[in-house]
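Worksheet: one structure, shown below.
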Amino acid sequence: MEDTFGEDDYFGEDEHIPAHEVLQTLEDAWLNEKFCPDLLPSQDSYVEAMMEQIQQMEDNLTKLKKTDFRVEVHHMELARIRYIITSYLRTRIEKIEQNTAFILEQETTRSPENPHLSEGELNYAREFLALQENHQKQLVLKHVPPPFQDFMSTQQSLVPNLRSHIFLRAKKDVNGVVIEGDRDTRDEEVDLEENSQHIMQYKPIANLIHDGSVQLI
Amino acid sequence: MDPSEVEFIAEKELVSIVPNFTNSEVHLISGDVGPFRAGLPVNVPIWMALNLRQRQKCRIIAPDWLDVEKLEALKEEEKSNRFFTKMPSEHYMVVAQLLLSAVDDDIPRVEEIRMAVKDLWDVRISKLRSSVDTFIKTGGSHARLDYLTTMEINSVRPLLPHALDFIDRLQKASEGASRRDMASQD
C-alpha cells in the first residue's frame, strides 16, 4: 500500500493549518494551562481538529499490515498526543472544580464571541455548582436558622492568586513589562528579550500569554 | 510538573540513528521523518529512536556533546562563569539518561560519561541553589533565568515560586497592618 498518511494535513473548510502546527499549539496550550494560576481561553477547536486527525490516522492504520514497522511508531505517536490532550483537559477541569463560582462569574462578564470555557466545560461548571449547592443545603443549610440559609456561591469559591509566581520564556521581544512595587520599592520595568527566561508574577504578563508572546515553562 | 513529564517533553528532541532497514518517509502528525536507508544516519525523535532500538532496527549515534572531554570542558566553563552557561541541549540531563540507558553497548565509556553528566548537573544545581538563596534574601520578585534547562527549573518548583508567593502575601499583609497603625495613631 502506498503511504497515505499525513496527506490531508488540513482542517476544516476555511482554516488551513497544518497538523503539526495544531499539535504544537496544543502542546503550548497544555503547558501554559498547567502553570497558569488562572483558567486560559479554551482551545477546543484545536482539540477537536486533533481528535479528528487521530481518528483518521487510526482508520488508515487498520489498512496497514500488522508487521509494518510504521504501525507501532504511529501508535506510539497517537498515544503521546492523546496524553497531551487528556492532561490538558484534566488540568482545566481541576481548575473549574476548584474555582467554580469565580470562573462562572468571570465568564458572564465576557462577550459571547470570546468565551474562555468550551460548551462542555460551561455545562460541567454549572452542574458542578448546582450539585455543590444542593449538597450543602441538604447537609447543613436547611438545619440552621433562616437568616443563614443562603448559599453564597461566590464566597465559597476559591479565587486564583494572580500574583503568584511563574516561570516563562519570551517568544518575542516585549518591552516595558511593569512589575508593581510594594511599599518600599518602586514599580520596576522589565524588558523581555526573545528567548530569555524569567521568574515573575503572573499578573503583569497575563495578557502576553493570550497573544502568544510568552510561553510558561 | 512530574519529572516524567519533563522526560516526555525531552523525548521530542531529535537524535541521529543508523537504521538497518530501508523505508520511505513516515508521515507522523508532528511532521515527516525519514526516509530510512539501511546504514545511513537519519534524524528521528528520541521516543522513536528508543522504540526502534528496542526492536533492534537501528543503532543510536550519541550526540557529539555526550562525550567525557566535552562534558568536562562544559563543567569547567560552568565553574568559571558567574551566570549559567548555555547547554548543548535544552534537556541535556534527560537526553543523556535516556540514551545512555538505551545504548549501553553502542557507546564506549558509558560509566565515565554518566559521571561527567552528573558532575555538570551538580555544579549547575549548586549554583542554582546559591542564586535562589541570594535572590530571596535581596527580596526581589523578578529574576532572569537564561539557559536554565527545563529539568533544572522543575527542580526548584514548587518551592521557589511558593516561597515568593508567601513573601508577597506577608508583605501585603504588613502593608495593610502598618496602614492601620498609622490610622490608629491619628
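Laboratory data are not the source of any read-out in this text; all were calculated from the coordinates shown. From a predicted model like this one, the values you see are computed outputs, not experimental measurements. All Cβ positions, even for glycine, are placed from backbone atoms using ideal geometry, and neighbour counts span all protein chains on display.
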Candidates A:VAL47, A:VAL144, A:VAL178, ranked by Gaussian network fluctuation over chain A, Cα under 10 Å, top entry: A:VAL144
Most mobile listed residue (A:ASP68, A:ASP38, A:ASP28) in chain A, GNM with C-alpha springs under 10 Å: A:ASP68
Per-residue HN-Hα couplings for the range B:125-142 [Karplus 6.51, -1.76, 1.60; θ = phi - 60°; Hz; x = Gly/Pro]: 5, 6, 5, 4, 5, 5, 5, 4, 4, 5, 4, 5, 5, 7, x, x, 10, 9
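With charges only on Cβ, +1 for K and R and -1 for D and E, what is the dipole size of the range A:19-158 about its Cα centre, in debye, rounded to 20?
480 debye
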Distance (nanometres) between label positions extended 7 Å along Cα→Cβ at A:GLU189 and B:ASN23: 5.6 nm
Net lengthening on full extension, A:ALA206/A:VAL71 (0.36 nm per residue, minus Cα-Cα): 44.4 nm
At R0 = 35 Å, FRET efficiency that the Cβ-Cβ distance of B:ALA173 and A:THR109 yields, to 0.05: 0.80
Stokes-Einstein diffusion coefficient of the protein assembly as shown, Kirkwood radius over Cα pairs, 20 °C, 1.002 mPa s, in µm²/s: 87 µm²/s
Label point 7 Å beyond Cα of B:TRP65 along Cβ direction - residues of the range B:99-125 with amide nitrogen under 14 Å: B:117-118, B:120-121, B:124
Virtual spin-label span in nm between A:GLN56 and B:LEU159, 7 Å along Cα→Cβ: 4.8 nm
Helix A:100-109 axis, angle to chain A major axis (alpha carbon atoms, nearest 10°): 80 degrees
A:SER87 paired with A:GLU48, simple spin-label distance in nm, labels 7 Å along Cα-to-beta-carbon: 2.6 nm
Extension gain from B:SER89 to B:SER16, taking 0.36 nm per residue of separation minus the Cα-Cα distance: 24.9 nm
Scattering profile of chain B at q = 0.10, 0.14, 0.18, 0.20 Å⁻¹ [log10 I(q)/I(0), Debye over alpha-carbon scatterers]: -0.55, -0.87, -1.18, -1.33
